[in-house]
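Trainee: Got a structure for you, written out below as structure tokens; questions coming shortly.
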Amino acid sequence: MDLPRSFVIREGDLRILNPIDAPKLATLGRAVKLRPGSSLLDLCSGKGELLCTWARDHGIVGTGVDLSTAFTAAARERATELGVADRVRFVHGDAAGYVPDEPVDVAACVGATWIGGGVPGTLELLGRSLRPGGMLLVGEPYWRLDPPDQETVEGCHATTRADFHDLPGLVRLFQDEGWDLVEMVLADQDSWDRYAAAHWLSLRRWLDANPDDELAPQLRQELTEDPLRHVRHRRDHLGWGVFALLRR
């Protein structure tokens, strides 16, 4: 049970595996008013930057769950590097359906709502892990501009326009599912650029070092096509944010 090798290659040495950069991640931790000793569950925790830096900066404790063995190993190394390995742990496993033995103060899924089949299912999944009065953190794309054609839709990693909401529609969906939106931190074009362009450099360096690898043709095509998709479509049309929710 693991992610395809291409995911690990693409993410390279990135610590945060979504378009929220380090300053915005720190802003989010301050905005939701984390308290020392608060417990946090992070589903699809990637390389563990959220848990590790928040344990260092706010004194939280927590568990991350991710399907990638490489990302889980990197998260454990990061916890040791930041001196928080006694406060956070990382589990290799399928985050879909994962519920801890004890309810937590904060349950997060930052950019991976496919584990619940979309936003409503992920809210329900996270809610199973939450103590009364606890908070959810959900990362999700949204349309900044209405896509004018199917090429733009597909250039934004969607199949149809309906795959994502616009920002008012996403907020309305949270409310319809029984949650109040109480904070949010949104990616901007620069943080999108930093995330996307880091992939291209990782791909190019890997291709230079591994020209005969069986993945080389696929990743060479991705490196050719993805920068154009980003500047033509994603950069202007697709937003992304992390939303803090409390149950009504």
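The values are calculated or read from the model by the stated rules, or taken from the named source; none is laboratory data. Just so it is clear, the model here is predicted, and its values are computed rather than measured. When we count neighbours, we look across all protein chains shown, and the Cβ atoms used for this are built from the backbone with ideal geometry, even at glycine. Each accessible area value is taken on the protein alone, full model and side chains, heavy atoms only, with ligands, DNA and RNA left out. Shrake-Rupley method; radii C 1.70, N 1.55, O 1.52, S 1.80 Å.
Trainee: Take Lys33 and decide whether it is within 15 Å of the chain's Cα centre (by Cα) and open to solvent by 30 Å² or more (accessible area, probe 1.4 Å).
Mentor: Taking the combined requirement at face value, the residue does not satisfy it.
Trainee: Which residues, taken from the stretch 54-85, are open to solvent by 20 Å² or more (accessible area, probe 1.4 Å), of a type in the set (A, V, I, L, M, F, W, C), part of a helix (DSSP H, G or I) and farther than 26 Å from Trp114 by Cβ?
Mentor: Of everything in the stretch 54-85, nothing turns out to be open to solvent by 20 Å² or more (accessible area, probe 1.4 Å), of a type in the set (A, V, I, L, M, F, W, C), part of a helix (DSSP H, G or I) and farther than 26 Å from Trp114 by Cβ.
Trainee: Tell me which residues, restricted to the stretch 91-132, are farther than 20 Å from Leu238 by Cβ and in a strand (DSSP E or B).
Mentor: Val91, His92, Val104, Asp105, Val106, Ala107, Ala108, Leu130, Arg131, Pro132
Trainee: Something else: It is to be established whether one or more residues within the stretch 139-157 are open to solvent by 70 Å² or more (accessible area, probe 1.4 Å) and of a type in the set (Ser, Thr, Tyr).
Mentor: No; the residues of the stretch 139-157 include none that is open to solvent by 70 Å² or more (accessible area, probe 1.4 Å) and of a type in the set (Ser, Thr, Tyr).
Trainee: Do you know which of the residues in the stretch 105-137 that are over 17 Å from the mean Cα position of the chain (by Cα) and of a type in the set (Gly, Ala, Ser) is surrounded by the fewest Cβ atoms within 10 Å (Cβ to Cβ)?
Mentor: In this case the residue turns out to be Gly133.
Trainee: Still on this structure: Is it the case that the stretch 213-225 has a residue that's closer than 26 Å to Thr152 by Cα, touching a Pro at 6+ places or on another chain (Cβ under 6 Å) and touching a residue at least 24 places away in the same chain (Cβ under 8 Å)?
Mentor: The answer is no, given that none of the residues of the stretch 213-225 is closer than 26 Å to Thr152 by Cα, touching a Pro at 6+ places or on another chain (Cβ under 6 Å) and touching a residue at least 24 places away in the same chain (Cβ under 8 Å).
Trainee: Go through the stretch 154-166 and count every residue that is under 16 Å from Trp240 (Cβ atoms) and among the aliphatic types (A, V, I, L, M).
Mentor: Adding up the residues that qualify gives 1.
A quick yes/no check of all residues on (1) closer than 22 Å to Asp226 by Cβ; (2) in contact with a Pro (Cβ under 7 Å, 6 or more places away or on another chain):
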position	(1), (2)
Glu102	no, no
Pro120	no, no
Leu123	no, no
Arg131	no, yes
Gly139	yes, no
Leu145	yes, no
Glu151	yes, no
Thr160	yes, no
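Trainee: Anything in the stretch 172-221 that is within 21 Å of Gly29 (Cα to Cα) and open to solvent by less than 30 Å² (accessible area, probe 1.4 Å)? List them, or say none.
Mentor: Phe174, Trp179, Val185, Ala187, Ser191, Trp192
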